[in-house]
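Working notes, beginning with the structure itself.
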């Protein structure tokens, strides 16, 4: 490994100086390289190699738009473990981090979520070829055992999936964590057609204003709820604050439906016939506030090719976005009785990488390892979701929810949705995502587990609650809400939340009456018939909306109650639906924003219900009344 040391300072120009001076007590060495791609563009790459190791080592590669030098974390240390923090998996790996093209110190043009070569990318390169060329250079130029693993969280997770499309022969393992997979269905930009306007605005301004640094938007009002409420539609409000340096915003404004462009960058649609199945560990957080769709979808896309069930793995914990590399002992007010993230890293991640990067013959993790919230224990199984029994949970009259279908003919619960007074997605103030502000960042990370009593009782939030459970009920896997609803308008959003209500006299006093959202999501009504072709809703007509909710692995304990909430705004995270159909909602005029009456039906003819998967043979008996 001595050949990987820093170049002598005497032969360097000022602009070529290393990231930091070498020290006699360093237990690792740093190399910076400009790795050439097939089109001549050079990508800045940071290589951290342990000094004291036995035998050739595998490499762990992360490709990132977020500045490769951040791998050093600004922490001056002579120890690689202290430098890498929780990314450190031992002295038996070479750690490699690379700026993708056009970002920070890499050459080329920057494109957010660069499409694969094809109709939307007519060049000869994409993230797949750049990963291939990088791995090819690494195994030629860096002494190693010839095996490379690629990993990353969020956008780097999407980049890891891109490397798996046409994998280099040396790519031996992949760990896409909380990956962005489908930005329209339920990851970064949209959730089932509803636009994450403030989230997208902040991210795009931060990433596209300058290519070599982050540029936070200097918002004049810190409460984003107040700031966004006065701006109107996304493009005519926020959009005027952006310019031609922000092409992703223009793409979003022109393409609010699920068109060919969004489908081309959806990573779960890349693997119909993979050339080779790279061993992969898909890492998911049950309360991922940014990319809750990605990991289960990517796992499912590749699982059908894993005939022996020994190359495609899934792990899920009770985490916010990226918490698997942080402290996993709690999220907001919810505690888990152990550091779940550390347990995952030690018992799942390490053995997976040992097997495929070191050819270690010791045990593999189970095909699926998931944390069971509500009980605070881990569960291993052969597939996700595990086999179970599908049951229905019905909304009933007088705010009741239960397992018996309604028998009455005309029952509905109504509320008025006013775009001028939207329901907040989290307790106010709603701050922007600011990684330099611990208070704001903590609020963003915990919003999915906030006590929903902050909106319970609002006249524009409809609520149904069960009687206390007499025995435990465990729900596993995806949930689908079949919502029979009508509106006086011609467009509407529907938010469905599935909630665990703690007893009013909980042994943990602080949790008494807590309303924990176990799963919830939003659906834009104009896409009821087609994701690709929006259509006006027929007013005053009960219609069925199929609302996919994120998967869960949760036990509702005896004495707890089941709750379902339905509302039509989740602001300012999601833009307001004007509730009057316009061809492009991004440019809805002020006059289109109108208060409308919505009705959720729960009758024999229109039985609104949640479709759940429970443990086979489990008793699901929750009383409901018409």
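The values are calculated or read from the model by the stated rules, or taken from the named source; none is laboratory data. Remember, it's a predicted structure, so these values are computed and weren't measured experimentally. As a convention, Cβ positions derive from the backbone with ideal geometry for all residues, glycine included, and neighbour counts pool all protein chains shown.
Miscellaneous remarks
- Condition met for residue 85 (closer than 20 Å to residue 177 by Cα and within 26 Å of the chain's Cα centre (by Cα)): yes
- Against the list (1) in a loop (DSSP other than H, G, I, E, B); (2) farther than 27 Å from residue 285 by Cβ, the condition residue 217 fails is (2).
- Listed by position, the helices (runs of 4 or more DSSP H) inside the range 233-319 whose residues that are touching a helix residue (DSSP H, G or I) at 6+ places or on another chain (Cβ under 7 Å) and within 26 Å of residue 384 (Cα to Cα) number at least 2 are 294-303.
- Just one of the numbered conditions (1) out of contact with any strand residue (DSSP E or B) (no Cβ under 9 Å at 6 or more places or on another chain); (2) under 15 Å from residue 87 (Cα atoms); (3) in a loop (DSSP other than H, G, I, E, B) is not true of residue 350: (3).
- Checklist (1) in a loop (DSSP other than H, G, I, E, B); (2) touching a helix residue (DSSP H, G or I) at 6+ places or on another chain (Cβ under 8 Å) applied to residue 338, failing item: (2)
- The range 353-373, subset touching a helix residue (DSSP H, G or I) at 6+ places or on another chain (Cβ under 8 Å) and in a strand (DSSP E or B), residue farthest from residue 55 (Cα to Cα): 371
- Any hit, the range 464-483, residues being within 30 Å of residue 222 (Cα to Cα) and either surrounded by fewer than 20 Cβ atoms within 10 Å (Cβ to Cβ) or touching a residue at least 12 places away in the same chain (Cβ under 8 Å) (or both): no
- The condition of being crowded, with 21+ Cβ neighbours inside 10 Å, free of Cβ contacts under 8 Å to residues at least 60 places away in the same chain and under 17 Å from the mean Cα position of the chain (by Cα) holds for residue 317.
- Of the strands (runs of 3 or more DSSP E) entirely within the range 374-451, those holding at least 3 residues that are more than 30 Å from residue 595 (Cα to Cα) and either more than 28 Å from the chain's Cα centre (by Cα) or without any contact (Cβ under 8 Å) to a residue 60 or more places away in the chain (or both) occupy 377-381.
- Beta carbons closer than 6 Å, at least 6 apart along the sequence or on distinct chains, pair a first residue in the range 229-254 that is under 13 Å from residue 202 (Cβ atoms) and not assigned by TED's automatic domain parsing to the domain that holds residue 431 with a second that is modelled with pLDDT of 95 or more and assigned to a helix (DSSP H, G or I) for 234/197; 234/586; 238/201; 242/249; 246/204; 246/208; 248/204; 249/204.
To keep it simple, each residue is scored yes or no on (1) modelled with pLDDT under 85; (2) part of a helix (DSSP H, G or I); (3) in contact with a helix residue (DSSP H, G or I) (Cβ under 9 Å, 6 or more places away or on another chain).
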| site | (1), (2), (3) |
| --- | --- |
| 18 | yes, no, yes |
| 21 | yes, no, yes |
| 34 | no, no, no |
| 43 | no, no, yes |
| 46 | no, no, yes |
| 49 | no, no, yes |
| 53 | yes, no, no |
| 60 | no, no, yes |
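- Close pairs (6 angstrom Cβ cut-off, 6 or more residues apart or separate chains): touching a residue at least 40 places away in the same chain (Cβ under 8 Å) in the range 348-372, crowded, with 19+ Cβ neighbours inside 10 Å and in a helix (DSSP H, G or I) anywhere: 364/355; 365/348; 365/352; 369/348; 371/340
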